[in-house]
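Okay, so here's the structure we're looking at.
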Amino acid sequence: MIKNVSVIGAGTMGNGIAHVFAQNGFAVTLIDVSASQLEKALANIGKNFDRQIAKGSISEEQKTSALNNISTATDVATGVNAANLVVEAATENTNLKLEIFKQIDTHAPEGCILASNTSSISITKIAAVTKRPDMVIGMHFMNPVPVMKLVEIINGYATKKEVTKTISDLSKQLGKIPCTVNDYPGFIANRILMPMINEAIYSLYEGVAGVEEIDTVMKLGMAHPMGPLQLADFIGLDVCLSILKVLQDGFGNPKYAPCPLLVNMVMAGKHGAKNGEGFYKYSAGSKDIIVSDAFKN
Ligand code: NAD
């Protein structure tokens with residue numbers, strides 16, 4: 001029975017994951033190496049609950065009780081020692097995740113399920129550094145976590161059926177819709193999404209159309225809520241590049257090679273919405289969609 005959930009990483013995804021578990025009555029320990037990041041995350045979670053109150057989907061009392069369910073820690077060892085489930089949502093870096101999983105495996109109780117929210121790193125590889133590979137699984141939430149319904153569950157090579165069922169049932173308990181896939185590069189979500197984003201960037205690079213035209217065709221023509229270039233900005237262009245490299249390395253197929261324009265933009269520090277500029281420009285508090293100067297006609 002899962003009651004205590006430790007979430008590692010208090011960034012974009014970690015604070016959303018902590019939010020939904022706390023809202024659904026779980027005791028959450030949110031862990032980050034950065035104390036200031038933990039403070040920011042708690043403030044952010046509070047704001048997101050306020051949005052839900054404004055929409056009438058939760059009450060003030062529910063917000064208070066959910067916030068009371070969250071405690072914080074700056075080290076993994078103490079943060080996971082009472083966990084029934086750990087959900088790792090730290091920075092997308094293979095070596096970092098392997099180190100974190102070795103630590104979790106040492107300090108989490110026997111029987112604790114170890115999940116990763118990774119977008120693309122092999123669950124089988126992560127599981128192999130632990131002494132409980134059958135208890136390791138991918139639990140891939142979508143951004144923003146409180147809003148998006150899907151949880152992509154990824155079975156590693158050794159994941160036990162009972163663990164998959166527990167995580168699938170748990171996702172439903174959180175009001176999400178689980179979908180189980182196997183552990184191959186990019187799983188399903190990013191294996192299909194990233195080539196589409198890459199092709200949109202190639203279309204821009206080759207001068208087939210401009211930023212707004214590409215996004216408008218996909219929004220109005222395919223009923224996508226946002227165009228692929230804007231979506232890439234929201235995911236983070238650095239993240240898109242690293243996922244494409246995982247696909248390219250994992251399949252050895254040149255069709256996944258990242259567009260040189262994407263590589264250049266990441267080298268130039270244009271990482272998308274999180275640092276103010278990608279295909280579009282972002283300024284705090286503004287909801288206007290402004291094409292970056294580099295792509296204006
Ligand atoms: P982020 O950069 O916003 O947050 C990562 C956090 O991890 C930071 O606060 C950092 O301080 C913390 N961290 C780094 N090393 C740590 C350690 N050793 N121990 C504890 N905390 C540590 O990243 P994010 O966008 O939230 O992504 C987190 C994970 O979720 C990644 O694996 C990413 O691929 C995945 N993901 C991201 C999205 C998205 O849209 N951003 C969507 C689905 C999945």
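Of everything in segment 109-135 that is away from the ligand (no atom under 11 Å from the Cβ) and either touching a residue at least 60 places away in the same chain (Cβ under 8 Å) or assigned by TED's automatic domain parsing to the domain that holds D249 (or both), the residue that is surrounded by the fewest Cβ atoms within 10 Å (Cβ to Cβ) is S122.
From the list S242, S292, S286, the one residue that fits, being in contact (Cβ under 8 Å) with a residue 40 or more places away in the chain and over 21 Å from G207 (Cα atoms), is S242. Among the residues of segment 182-195, the one identified as touching a Leu at 6+ places or on another chain (Cβ under 6 Å) and assigned to a helix (DSSP H, G or I) is M194.
To keep it simple, each residue is scored yes or no on (1) more than 24 Å from L150 (Cβ to Cβ); (2) within 16 Å of the ligand (Cβ to nearest atom); (3) β-branched (V, I, T); (4) touching a Pro at 6+ places or on another chain (Cβ under 7 Å).
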position: M194; (1), (2), (3), (4): no, yes, no, no
position: N198; (1), (2), (3), (4): no, no, no, yes
position: V211; (1), (2), (3), (4): yes, no, yes, no
position: L220; (1), (2), (3), (4): no, no, no, no
position: M226; (1), (2), (3), (4): no, yes, no, no
position: I235; (1), (2), (3), (4): no, yes, yes, no
position: L244; (1), (2), (3), (4): no, yes, no, yes
position: V263; (1), (2), (3), (4): yes, no, yes, no
position: G272; (1), (2), (3), (4): no, yes, no, no
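Evaluation of P144 against the conditions (1) at pLDDT below 95; (2) in a helix (DSSP H, G or I) shows that the sole unmet condition is (2).
Considering only residues in segment 1-33 that are open to solvent by less than 40 Å² (accessible area, probe 1.4 Å) and small (G, A, S), the one that is farthest from the ligand (Cβ to nearest atom) turns out to be A22.
Taken residue by residue, segment 203-215 has at least one member that is surrounded by 15 or more Cβ atoms within 10 Å (Cβ to Cβ) and either assigned by TED's automatic domain parsing to the domain that holds V129 or in a loop (DSSP other than H, G, I, E, B) (or both). Considering (1) part of a helix (DSSP H, G or I); (2) more than 22 Å from P258 (Cβ to Cβ); (3) of a type outside the set (A, V, I, L, M), the lone condition that N198 does not fulfil carries the number (2). Restricting the search to segment 48-74, which residues are of a type in the set (D, E, K, R) and within 24 Å of G11 (Cβ to Cβ)? D50, R51, K63 - these are the residues of segment 48-74 that are of a type in the set (D, E, K, R) and within 24 Å of G11 (Cβ to Cβ). Note on segment 216-239: residues that are out of contact with any strand residue (DSSP E or B) (no Cβ under 8 Å at 6 or more places or on another chain), part of a loop (DSSP other than H, G, I, E, B) and in contact (Cβ under 8 Å) with a residue 12 or more places away in the chain amount to 1.
The values are calculated or read from the model by the stated rules, or taken from the named source; none is laboratory data. These numbers come from a predicted model, not from an experiment. Cβ: placed from backbone, ideal geometry, glycine included. Neighbour counts: every protein chain shown. Surface accessibility is based on the protein's heavy atoms, side chains included, excluding ligands, DNA and RNA. Shrake-Rupley method; radii C 1.70, N 1.55, O 1.52, S 1.80 Å.
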